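The structure appears below as structure tokens.
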Amino acid sequence: MIILVVATDQHQLIGTSKTSNGIPWHVKEDFMHFRSLTMGKTIVMGENTFKAIGKPLPHRKTIVCSQNHFVYDHENVEVREDLFQLIEEYKAKKEDLYICGGATIYRLALPYVDKMYISRIPGDYEGDTYFPDFSMMNFHLESQEDRGTFTLEIYTRG
């Protein structure tokens, strides 16, 4: 299954160039949700997102998609150039692949995603990177849960 994980504000904002990690907010509970959801899983992100994090996330296999001949030598990090080939491999193996950003990776992967976990962060923030519109992509809201500092929305395709 191809699973997308993202945190947005009410305007679909996901990022800013004004913070070192690229995230416009700091919501500890959402970070903990992301950690529990992806622990022990394979996650994929773009080069910029990986660099913003600054290191591989522990207890996860990280795949960095980059067409810039990016090199990173670590046992739990794999660098791939072709996101579409990667997605097809995981679909064929029937293994879960977690799409974790940034905006370009989200936009490219969205047509192939089976399930989305969207953390809605309350408030208005400043930033320059947005999650793409998915309203016409046949996703249905499966559940919505108030987690206090954010609202978790789970969407499935079909």
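Extents of the stretch 16-91, taken as max minus min of Cα coordinates on every principal axis and listed largest first, are 33, 26, 22 Å. For the chain, the relative contact order works out to 34 percent when only alpha carbon pairs closer than 8 Å and six or more residues apart are counted.
May I ask which residue of Leu141, Thr156, Val79 lies farthest towards the positive end of the charge dipole of the chain, with charges of +1 (Lys, Arg) and -1 (Asp, Glu) on Cβ and the Cα centre as origin? Sorting the options by dipole projection puts first Val79. Between Phe31 and His69, the C-beta separation translates, for a Förster distance of 22 Å, into a calculated FRET efficiency of about 0.10.
Inverting the mean 1/r over all pairs of different Cα atoms, compute the Kirkwood radius of the stretch 2-157 and quote it in Å. Mind showing how you got there, number by number?
Numbers: mean 1/r = 0.0630 Å⁻¹.
Answer for the stretch 2-157: a Kirkwood hydrodynamic radius of 15.9 Å.
Summing +1 for each Lys or Arg and -1 for each Asp or Glu among the other residues whose beta-carbon sits under 14 angstrom from that of Tyr155 gives -2.
All of the numbers you see were taken from the coordinates with simple rules; none came from a lab. Given the structure is predicted, the values throughout are model-derived calculations rather than measurements. Cβ coordinates were reconstructed from backbone atoms using ideal geometry, including for glycine residues, and neighbour counts include every protein chain displayed.
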